[in-house]
1. Just to be sure I understand the filter: pairs with C-beta atoms under 8 Å, separated by 6 or more residues or on different chains, first member in region 100-121 and at positive phi, second member buried (at least 16 other Cβ atoms within 10 Å of the Cβ). Which pairs pass?
2. Please tell me if G85 is closer than 15 Å to Q40 by Cα and either in contact with a strand residue (DSSP E or B) (Cβ under 7 Å, 6 or more places away or on another chain) or not basic (K, R) (or both).
3. Tally time: how many residues in region 46-99 are assigned to a loop (DSSP other than H, G, I, E, B) and either of a type in the set (D, E, K, R) or without any contact (Cβ under 8 Å) to a residue 12 or more places away in the chain (or both)?
4. Can you report the number of residues in region 86-120 which are out of contact with any Phe, Trp or Tyr (no Cβ under 8 Å at 6 or more places or on another chain) and surrounded by fewer than 15 Cβ atoms within 10 Å (Cβ to Cβ)?
5. When you check A44 against the structure, is it within 18 Å of S99 (Cα to Cα) and either of a type in the set (V, I, T) or modelled with pLDDT of 50 or more (or both), yes or no?
6. Give just the number: which of (1) on the phi > 0 side of the Ramachandran plot; (2) modelled with pLDDT under 90; (3) exposed (fewer than 15 other Cβ atoms within 10 Å of the Cβ) does F29 not satisfy?
7. Out of all the residues in region 47-67, is one or more among the aromatic types (F, W, Y) and at pLDDT below 90?
Amino acid sequence: MGRTNCLLETEHRRTLLLSVFVCLLALLFDGGFSPHASAQEISARLSPLKFTTEQPATLTITISGQQSAELMIPEVDGLIFHRRGQSSQFQMVNGAVSSSITYTYLVQALKPGDYTIPAIAAKLKKGT
């Protein structure tokens, strides 16, 4: 009986290797571009890359030079994305304006395995 519990516990704690290919390939501009606006830059980070079915990872997507955007998170068989929130940052230093928006998701695996997150599209909002 003790051995069965140990095997189940070991199986239950298997970690997942998540190959992240979050390359926010499709940027769809919905409005004009100001030459005085800061350049848009998108970054994504998944932490940790290896996680269990009981301990989700955090996916953080930051868009610099933007105050608002619409993300299109793809469906991945075996993964669930839970939106946890967003935060905005706006700074003005010596007349130079910068802004960014950060979106946070919990990524939960339904079963052990290797997963790839395909490109995530970001539609940038007009006037931001």
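1. The qualifying pairs are G113/L16.
2. Against the criterion (closer than 15 Å to Q40 by Cα and either in contact with a strand residue (DSSP E or B) (Cβ under 7 Å, 6 or more places away or on another chain) or not basic (K, R) (or both)), G85 does not qualify.
3. 7
4. Residues flagged as out of contact with any Phe, Trp or Tyr (no Cβ under 8 Å at 6 or more places or on another chain) and surrounded by fewer than 15 Cβ atoms within 10 Å (Cβ to Cβ) within region 86-120 amount to 14.
5. Numbers: within 18 Å of S99 (Cα to Cα): yes; either of a type in the set (V, I, T) or modelled with pLDDT of 50 or more (or both): yes.
When the stated conditions are applied, A44 passes them.
6. (1)
7. Checked against the condition, which is being among the aromatic types (F, W, Y) and at pLDDT below 90, region 47-67 yields no hits at all.
The values are calculated or read from the model by the stated rules, or taken from the named source; none is laboratory data. Remember, it's a predicted structure, so these values are computed and weren't measured experimentally. Note that we place each Cβ from the backbone using ideal geometry, even for glycine, and neighbour counts take in every protein chain shown.
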